[in-house]
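The block underneath contains the structure these notes are about, expressed in structure tokens.
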Amino acid sequence: MSPASDDTPVRVGGRYRLDERIGAGAMGAVWRATDELLNRTVAVKELLAAAAPPTAAGNDALEVSRQRILREGRIGARLQHPHVISMFDVVVHEDRPWLVMEYLPSRSLAQVLGDKGPLPPEQVGDIGRQVADGLAAAHLAGVTHRDVKPGNVLIADDGRVKLTDFGVSRAVDDVQLTRTGLIAGTPAFLSPEVARGLNPTAASDVFALGATLYAAVEGTPPFGLDDNAYALLHKVATEQVRRPKQDGPVVDMIMRLLSREPDDRPSAAQARDAFAAVIAGSDPGLAPLAAAAP
């Protein structure tokens with residue numbers, strides 16, 4: 001959908017005026033909009049359905065997408081945290097659900113890396129601290145994000161970092177929606193256990209955070225990039241992560257998040273505290289890992 005050609009503004013739910021399209025992803029397009037009732041700027045996410053063909057299979061896919069975006073609204077409403085994009089409302093417009101979220105003038109970490117290349121470890125450590133803080137709150141609420149990656153990490157001009165797009169996340173106590181052939185999450189940032197077919201957990205989110213931070217200091221994800229998603233999944237499931245070229249305590253923490261065994265990874269809350277300690281020049285306070293077999 002786009003604003004009408006006769007300059008008549010499009011209003012979703014009778015109150016959210018679409019002003020400018022600011023992004024798009026696999027699930028939908030995102031608009032900067034105005035909440036005319038409260039006179040504030042918001043972000044509105046529409047469900048992209050144009051690709052669904054008028055067949056039984058297409059209708060099924062569309063219904064799955066509808067259920068996912070409605071579920072995203074329910075999950076997002078649980079999370080109110082300084083490092084998570086807030087969810088305000090879910091409305092139905094033209095028979096489709098739309099999410100109304102906090103608007104943060106920002107760029108994604110993916111955009112920043114595309115413009116600047118790898119970042120200094122100290123900056124990456126601060127990004128890791130903030131994202132881990134948001135993940136810790138999500139995990140406390142019983143929510144796994146499932147798709148932590150640079151594109152879902154928003155960085156404001158003042159340095160604030162917020163995690164967005166819980167669209168493929170799943171509340172532990174919610175109904176899991178599955179569809180044959182669907183890979184939930186981005187292969188380059190999946191954990192080894194998820195690549196092997198196990199269900200995502202809080203520990204999987206921690207690995208994905210580590211992979212995101214690895215890409216921030218190294219310029220590429222831990223297992224590289226490959227147009228063949230299944231070849232990349234095989235790498236993630238079977239290969240060891242090579243250490244980044246940069247070194248130091250922040251990189252040590254990133255490698256700890258990227259431990260192959262979920263039990264060897266810190267929790268998101270432990271990662272937050274450890275990154276804060278490392279940035280302050282203190283000991284991260286994590287117990288040493290047992291020596292791994294070569």
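Read-outs: derived from the displayed coordinates by stated rules, not from any lab. Since we're looking at a predicted model, the values are computed, not measured. Neighbour counts run over all protein chains shown; Cβ positions are idealised from the backbone, glycine included.
With the Cα gyration tensor of the stretch 215-294 in hand, convert its eigenvalues to equivalent ellipsoid semi-axes via √(5λ) and list them largest first in whole Å. Can you show the working numbers first?
Numbers: eigenvalues 124, 46, 26 Å².
Calculated on Cα positions only, the semi-axes equal 25, 15, 11 Å.
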**Fill in**
For the pair Gln111 and Asp283, the simple spin-label estimate (label points 7 Å beyond Cα toward Cβ) gives in nm 4.2 nm
**Spatially proximal lysines relative to Lys245 (Cα-Cα < 24 Å; intrachain offsets below 8 disregarded)** = Lys116, Lys149, Lys235
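I'd like to compare 219-229, 186-196: which one has the highest average count of other Cβ atoms within 10 Å, and what's the full order after that?
Listed from highest to lowest mean packing, they are 186-196, 219-229.
Go through 260-270, 207-217 and give me the packing order, highest mean Cβ count within 10 Å leading.
Values: 260-270: 16.8, 207-217: 27.2.
Packing order, densest peptide first, comes out as 207-217, 260-270.
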**Message:** Two decimals, Cα atoms only, Kirkwood Rh: what is Rg/Rh over the stretch 106-279?
**Reply:** 0.93
**Message:** Highest mean first, how do 143-155, 32-44 rank when packing is the count of other Cβ atoms within 10 Å averaged over residues?
**Reply:** 143-155, 32-44
**Prompt:** What is the fewest-to-most order of Met87, Met255 by other Cβ atoms lying within 10 Å of their Cβ?
**Reply:** Met255, Met87
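Determine the sum of side-chain charges near Leu286: Lys and Arg each +1, Asp and Glu each -1, restricted to other residues whose C-beta is under 11 angstrom from that of Leu286. Don't jump to the answer; show the numbers that get you there.
On the way: positive: Arg256, Arg265; negative: Asp252, Asp264, Asp273, Asp283.
Here the count lands on -2.
Considering only the other residues whose Cβ falls under 10 Å of the Cβ of Met101, what net charge follows from Lys and Arg at +1 and Asp and Glu at -1?
Working: positive: Lys45; negative: Glu72, Asp89, Glu102, Asp165.
After counting each charged neighbour, the total is -3.
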